[in-house]
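**Student:** I'd like to ask you about the structure that follows.
The values are calculated or read from the model by the stated rules, or taken from the named source; none is laboratory data. Remember, predicted model here, so these are calculated numbers, not experimental data. Virtual Cβ from ideal backbone geometry, glycine too; neighbours counted across all protein chains shown. We work out accessible area using only protein heavy atoms, side chains counted, and drop any ligands, DNA or RNA first. Shrake-Rupley method; radii C 1.70, N 1.55, O 1.52, S 1.80 Å.
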Amino acid sequence: MAQGDATAKTRLSADDWAQAALDALAEGGLAAVAVEPIAKRLGTTKGSFYWHFKDRAALVEAALARWEQRSTDDVIAEIAIETDPAERLHRLFAQVIDYAATGRIELALLASADQASVAATLRRVADRRIEYVAELLGELGLTAGQARTRAVVAVSIYHGFNQLARVSPDALPSTEAERRMLVDSAFESLLPKQR
């Protein structure tokens with residue numbers, strides 16, 4: 001084994017490969033998650049890949065797990081430090097609307113939803129997001145049924161915004177003030193009506 005290969009192995013982790021796979025996915029879809037081009041991007045050989053993964057499917061699974069953790073669990077954990085459920089919901093909306101305007105990974109995954117591992121991950125993520133938003137709305141006084149319905153609407157707004165950012169970016173708010181108005185409007189539509 002060449003010394004360069006040994007050095008690459010110690011420097012690159014499975015997380016490095018998973019992140020590079022996510023970057024490739026964002027740029028070219030699931031088909032772009034290929035070992036040789038990713039190794040080239042990372043400045044290493046396929047040997048480094050096989051040090052961490054059995055095959056491409058294992059890399060895809062690791063990338064999906066990384067995306068799920070970062071785009072859902074980590075976001076929820078970050079928002080959870082806020083004690084007021086209304087403020088958590090508002091911060092969540094602001095954060096995901098900003099991400100939807102620029103994030104490409106989710107759209108790439110949606111385009112590959114016919115792949116079993118991708119479909120399973122997307123389903124878990126959607127269910128977890130709906131569940132979390134419903135929890136927040138329940139804390140704000142909505143019944144379980146109302147909270148679930150509005151949580152589905154909230155997640156749908158996010159997906160619609162994400163799609164709109166790709167097909168008609170000029171339709172989206174271009175300034176921070178306009179984006180804030182959009183977030184406020186969406187947020188207010190989800191809250192229980194005051195009597």
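**Student:** Can you pull the accessible area of Arg129 for me, 1.4 Å probe, Å² to the nearest 10?
**Tutor:** Arg129 exposes around 40 Å² with every protein chain in place.
**Student:** For the chain, take every pair of Cα atoms, bin their distances at 5 Å starting from 0, and report each bin as a whole percent.
**Tutor:** It works out to 1, 7, 14, 16, 16, 13, 11, 8, 6, 4, 2, 1, 0, 0, 0, in whole percents.
**Student:** Could you give the nm distance between label points at Leu191 and Arg56, where each point is 7 Å from its Cα heading toward the beta carbon?
**Tutor:** Label at Leu191, label at Arg56, 5.0 nm between them.
**Student:** Which residue, chosen from Ser189, Thr72, Ala116, occupies the Cα position most advanced towards the positive end of the dipole of the chain, where the dipole is computed from +1 (Lys, Arg) and -1 (Asp, Glu) charges on Cβ about the Cα centre?
**Tutor:** Ala116
**Student:** Over the chain, calculate the relative contact order: mean separation of alpha carbon pairs under 8 Å at least 6 apart, over the residue count, as a percent.
**Tutor:** For the chain, the relative contact order is 21 percent.
**Student:** A further question on this structure: For the stretch 169-174, in order, what is each residue's ³J(HN,Hα) by Karplus, 6.51 cos²θ - 1.76 cosθ + 1.60 with θ = phi - 60°, in whole Hz (x at glycine and Pro)?
**Tutor:** Values, residue by residue: x, 5, 6, 8, x, 9 Hz.
**Student:** Which shape class applies to the stretch 79-195: rounded if a/c is under 1.5, otherwise prolate when a/b exceeds b/c and oblate if not, where a ≥ b ≥ c are the square roots of the Cα gyration tensor eigenvalues?
**Tutor:** Oblate.
**Student:** Using only Cα atoms, what is the ratio of the radius of gyration of the stretch 84-149 to 2.2 N^0.38 Å?
**Tutor:** Against the empirical 2.2 N^0.38 Å value, I get 1.30 for the stretch 84-149.
**Student:** Using a 1.4 Å probe, what is the accessible area per residue for the chain, in Å²?
**Tutor:** Per residue, the chain has an accessible area of 54 Å².
**Student:** Expected output is a single nm value to one decimal: the length gained when fully extending between Ile76 and Glu27, i.e. 0.36 nm times separation in residues minus the C-alpha distance. What is it?
**Tutor:** Going from the current span to full extension adds 15.1 nm.
**Student:** May I ask for the percentage of alpha-carbon pairs in the stretch 28-102 that lie more than 18 Å from each other?
**Tutor:** Counting pairs separated by more than 18 Å, the tail of P(r) holds 56 percent.
**Student:** While we're here: For the stretch 71-115, which semi-axes, largest first and in whole Å, follow from the square roots of 5 times the eigenvalues of its Cα gyration tensor?
**Tutor:** Output for the stretch 71-115: semi-axes of 25, 11, 7 Å.
**Student:** Let me ask something additional. Under a plain spin-label model, where a point goes 7 Å from the Cα along Cα-to-Cβ, how far apart in nm are Asp98 and Glu139?
**Tutor:** 2.0 nm
**Student:** Apply the Karplus parameterisation 6.51 cos²θ - 1.76 cosθ + 1.60, with θ equal to phi minus 60°, to every residue of the stretch 108-121 and state each ³J(HN,Hα) to the nearest whole Hz, in sequence, with x for glycine and proline.
**Tutor:** Per-residue couplings from phi come out as 4, 5, 4, 5, 10, 5, 7, 7, 4, 5, 5, 4, 4, 5 Hz.
**Student:** Could you derive backbone 3J(HN,Hα) for the stretch 51-67 from the dihedral phi with the Karplus parameters 6.51, -1.76 and 1.60 (θ = phi - 60°), listing whole Hz in sequence and x where the residue is Gly or Pro?
**Tutor:** Listing the rounded values in order: 5, 9, 9, 6, 6, 4, 4, 5, 5, 4, 4, 5, 5, 4, 5, 5, 4 Hz.
**Student:** Here is a further query. If each DSSP helix of 4+ residues adds -39,500 (n - 2.57) and the sum is divided by the residues in the chain, what number results at 222 nm, nearest 500 deg cm²/dmol?
**Tutor:** That calculation yields -24000 deg cm²/dmol at 222 nm.
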